[in-house]
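See structure below.
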Amino acid sequence: AQKITQTQPGMFVQEKEAVTLDCTYDTSDPSYGLFWYKQPSSGEMIFLIYQGSYDQQNATEGRYSLNFQKARKSANLVISASQLGDSAMYFCAMREKTSYDKVIFGPGTSLSVIP
Amino acid sequence: EAGVAQSPRYKIIEKRQSVAFWCNPISGHATLYWYQQILGQGPKLLIQFQNNGVVDDSQLPKDRFSAERLKGVDSTLKIQPAKLEDSAVYLCASSLDPLQPQHFGDGTRLSIL
């Protein structure tokens, strides 16, 4: 069974608009962490934002925020005021305590920002 | 601080040949990861080290892949013999500990002819 699901293979957004990238996960572990990474066409993986399962507030980092809905097991990434440089693949990932903190990545969503 | 260093950047070999990749993590990072990323997919963890010990290698094809992290610093990943399906980008990442975000190197793009 897929641990991480990203149902949007490709997304388009107008420059300066906000966009939400979906991520749902499957775990029975009460202690886990959720990450979002960005991978531009150049190939490097860039860490964006982290949410712990016990964190009371949604994580925010600059223009990135994480809409964490624990009961629904979703951790959507919201990018505000999109920029052309945001065009990239975005991966949601989960770390489970019971799996020796192994990190599992989702299949990714390709985001294209349109001028 | 210097990032995760990987070499080579690109490698082209014929099937059944052997190849080795090298990774130098960020100084002080105890946890080191090797991932395989096939085109159009998310990274798949091959092996995770904590210092010089293996934490997880459940998805490492041990009949052809091997990895080591002598002295708990840099690491090498070897494929012998290579198959066509091994064509992928091999990413190395490191973190202070397993709970911290991972920092990735630029990867090695491997093509098998």
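The values are calculated or read from the model by the stated rules, or taken from the named source; none is laboratory data. Owing to the predicted nature of the structure, the values given are computational and were not obtained by experimental measurement. Reconstructed Cβ throughout: ideal geometry from the backbone, glycine too, with neighbour counts over all protein chains shown.
Give segment B:1-46 a look and list any residue that's of a type in the set (S, T, N, Q), modelled with pLDDT under 95 and in a loop (DSSP other than H, G, I, E, B), or say none. Walk me through how you get there before you give the answer.
First, the residues of segment B:1-46 that are of a type in the set (S, T, N, Q): B:6-7, B:17-18, B:24, B:27, B:31, B:36-37, B:41.
Pick out the ones that are also modelled with pLDDT under 95 and you get B:27, B:31, B:41.
Scanning segment B:1-46 gives B:SER27, B:GLN41.
Take the residues of segment B:38-87 that are at positive phi and not polar (S, T, N, Q): which is surrounded by the most Cβ atoms within 10 Å (Cβ to Cβ)?
This residue is B:GLY72.
Could you please give the count of residues in segment B:7-46 that are over 12 Å from the mean Cα position of the chain (by Cα), of a type in the set (Ser, Thr, Tyr) and more than 12 Å from chain A (Cβ to nearest Cβ)?
Going through segment B:7-46 one residue at a time, the tally reaches 2.
Can you name the number of the only condition in (1) closer than 19 Å to A:PRO115 by Cβ; (2) away from chain B (no Cβ under 14 Å); (3) of a type outside the set (Phe, Trp, Tyr) that A:ALA88 fails?
Evaluating A:ALA88 over (1) closer than 19 Å to A:PRO115 by Cβ; (2) away from chain B (no Cβ under 14 Å); (3) of a type outside the set (Phe, Trp, Tyr) leaves (2) as the failure.
Checking the structure you have, find out if any residue of segment A:93-100 is assigned to a loop (DSSP other than H, G, I, E, B) and either among the β-branched types (Val, Ile, Thr) or more than 13 Å from every other protein chain (Cβ to nearest Cβ) (or both).
There is no residue in segment A:93-100 that is assigned to a loop (DSSP other than H, G, I, E, B) and either among the β-branched types (Val, Ile, Thr) or more than 13 Å from every other protein chain (Cβ to nearest Cβ) (or both).
Taking strands (runs of 3 or more DSSP E) that do not extend beyond segment B:47-113, which have at least 2 residues that are hydroxyl-bearing (Ser, Thr, Tyr), within 14 Å of chain A (Cβ to nearest Cβ) and within 11 Å of the chain's Cα centre (by Cα)?
By residue number, B:88-95.
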